[in-house]
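Here is the structure we will look at, set down as structure tokens.
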Amino acid sequence: MERVIDVGGGSLWVEDSGGALPPVVLLHPGVGDARIWDPVWERLEGQFRMVRYDVRGFGRSAPPVGRFSRLDDLRRLLDLLDVGPALFAGCSMGGGTALDLALAEPDRVRGLVLACPGISGAPPAHGPDDEPDSADPDVFVEQGVARWARAGRDPLVVDLLRSAVRYWLHWGGAFFADDGDAWSRLEQVATPSVLLLGDLERPSFVPACVEAARRLPGCRLVRLPGVDHFVPLRAPDAVVEALLSLPR
């Protein structure tokens, strides 16, 4: 079921398959919206209660009206949907939010699939030769393709980037509240985890992911050939395998 839910100070587009099955919550990256999970959703629907949503200002969710916490929005949404302890799969920005939740409220999180996670407090991923983000939406999208979509400019990838560019040009990181510093606390994460990393990932993003996999207790690092930053689209079967490997 698709609906719009008020999480206090803002509203989110949400899709929830419902039912009494074990829950899986899917968190999208800052280079797209919840549609990035389409192929994973198709593979797992009927096996899990699937929940996904668009962060404020992304995709089908309303624009932010001020600073907001992605972690607090997630907590409120889980409460409003009555989602108990769940598996979480997060890509990039979404992986960072999942880690923040695992540290803040570990009892909510049964397991983590972290696809090229963007971790709060981690070193910046900008390369030394990166051009500044363009103020022109079309140019900004092409910059995103060059940086994040090295496996090819699939039409959905381009459309996801357009969705993300709308957020970054209108509101940007200044609207994100500080949700913590998971980077300095990775050794405290007690939740079972799998970290997925493509060999076509943006090179400046790779070292932090590799180090995170090393520092997260018991984390399994899975390298994905031919895959870039859009892991759920490029390698949905790897995401499914990782989720099924975790305790429910």
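The values are calculated or read from the model by the stated rules, or taken from the named source; none is laboratory data. Treat the numbers as computed from the prediction; the structure is a model and nothing was measured. Every residue, glycine among them, receives a Cβ derived from its backbone with ideal geometry; neighbour counts consider all protein chains shown. Note: accessible area is taken over every heavy atom of the protein model, side chains too, but ligands, DNA and RNA are not part of it. Shrake-Rupley method; radii C 1.70, N 1.55, O 1.52, S 1.80 Å.
What are the semi-axes of the equivalent ellipsoid of the range 177-233, taken as the square roots of 5 times the eigenvalues of the Cα gyration tensor, listed largest first and rounded to whole Å?
Its equivalent ellipsoid spans semi-axes of 21, 14, 10 Å.
From the phi of every residue in the range 54-62, what ³J(HN,Hα) in whole Hz does the Karplus formula 6.51 cos²θ - 1.76 cosθ + 1.60 yield, where θ is phi - 60° and glycine or proline is x?
9, 4, 3, x, 9, x, 9, 7, 5
Out of Pro217, Val189, Trp168, whose Cα points farthest toward the positive end of the dipole of the range 161-248 (charges: +1 Lys, Arg; -1 Asp, Glu; placed on Cβ)?
About the Cα centre, the residue reaching furthest to the positive side is Trp168.
As a test, work out the antiparallel percent of DSSP beta bridges whose residues both lie in the chain, rounded to the nearest 5.
25 percent
Run through the range 1-67 and list the trypsin sites (Lys or Arg not before Pro) located in a DSSP loop whose Cβ has at most 12 other Cβ atoms within 10 Å.
When the trypsin sites (Lys or Arg not before Pro) of the range 1-67 are filtered for loop state and at most 12 Cβ neighbours within 10 Å, Arg67 remain.
Rounded to the nearest 0.05, what FRET efficiency do Ser11 and Val139 give with R0 = 25 Å and r taken as the Cβ-Cβ distance? Could you check?
Details: r = 31 Å, r/R0 = 1.22.
E(calc), rounded to 0.05, equals 0.25.
Can you give the charge dipole size of the chain about its Cα centre, rounded to the nearest 20 debye, using +1 on the beta carbon of Lys and Arg and -1 on the beta carbon of Asp and Glu?
Dipole magnitude for the chain comes out near 480 debye.
Would you mind checking which residues have amide H under 5 Å from Val109's amide H? H placed 1.01 Å from N; only 5 or more apart, or other chain.
Excluding prolines and chain starts, which carry no amide H, the hits are Ala86.
Quick check: convex hull of the Cα atoms in the range 1-148, volume per residue, rounded to a whole Å³?
Expressed per residue, the convex hull around the Cα atoms of the range 1-148 is 125 Å³.
Would you grab the residues whose amide H sits under 5 Å from the one on Ala122? Only those 5+ places off in sequence or on another chain, please, with H modelled 1.01 Å from N.
The answer is Trp183.
Normalised radius of gyration for the chain, please: alpha carbon Rg relative to 2.2 N^0.38 Å, two decimal places. It would help to have the intermediate numbers written out before the result.
Values: Rg = 16.5 Å, N = 248, 2.2 N^0.38 = 17.9 Å.
Normalised Rg, Cα atoms only: 0.92.
Long-range amide H contacts for Leu27: which residues qualify at under 5 Å (H placed 1.01 Å from N, peptide plane, sequence gap of 5 or more or a different chain)?
Ala89, Gly90, Cys91
Would you work out what percent of the accessible area of the range 32-80, with all protein chains in place, is carbon or sulfur (probe 1.4 Å)?
Accessible surface attributable to carbon and sulfur in the range 32-80 totals 43 percent.
Taking 0.36 nm per residue of sequence separation and subtracting the Cα-Cα distance, how much length would be gained by fully extending the chain between Phe175 and Arg220, in nm to one decimal?
Values: separation 45, 0.36 × 45 = 16.20 nm, distance 3.30 nm.
Using 0.36 nm per residue and subtracting the Cα-Cα distance, I get 12.9 nm.
Tell me the per residue accessible area of the range 185-245 using a 1.4 Å probe; a whole number in Å² is fine. Before the final figure, lay out the partial values.
Working: 2430 Å² over 61 residues.
With all protein chains present, the range 185-245 gives 40 Å² per residue.
Mind telling me which of Val139, Val157, Val24 comes out most flexible in a GNM of the chain, alpha-carbon contacts under 10 Å?
In the Gaussian network model the winner is Val139.
Using the Cα centre as the reference, give the magnitude of the dipole from point charges on the C-beta atoms of the range 136-214 (Lys, Arg: +1; Asp, Glu: -1; all else neutral), rounded to the nearest 20 debye. The partial results should precede the final answer.
On the way: 8 positive and 12 negative charges, 25 e Å.
The calculation lands at about 120 debye.
Considering only His170, His28, His229, give the residue with the highest GNM mean-square fluctuation for the chain, with springs between Cα atoms whenever their separation is below 10 Å.
Looking only at His170, His28, His229, the largest GNM fluctuation is found for His170.
State the Cα centre-to-centre distance between the range 24-55 and the range 206-224 in whole Å.
22 Å
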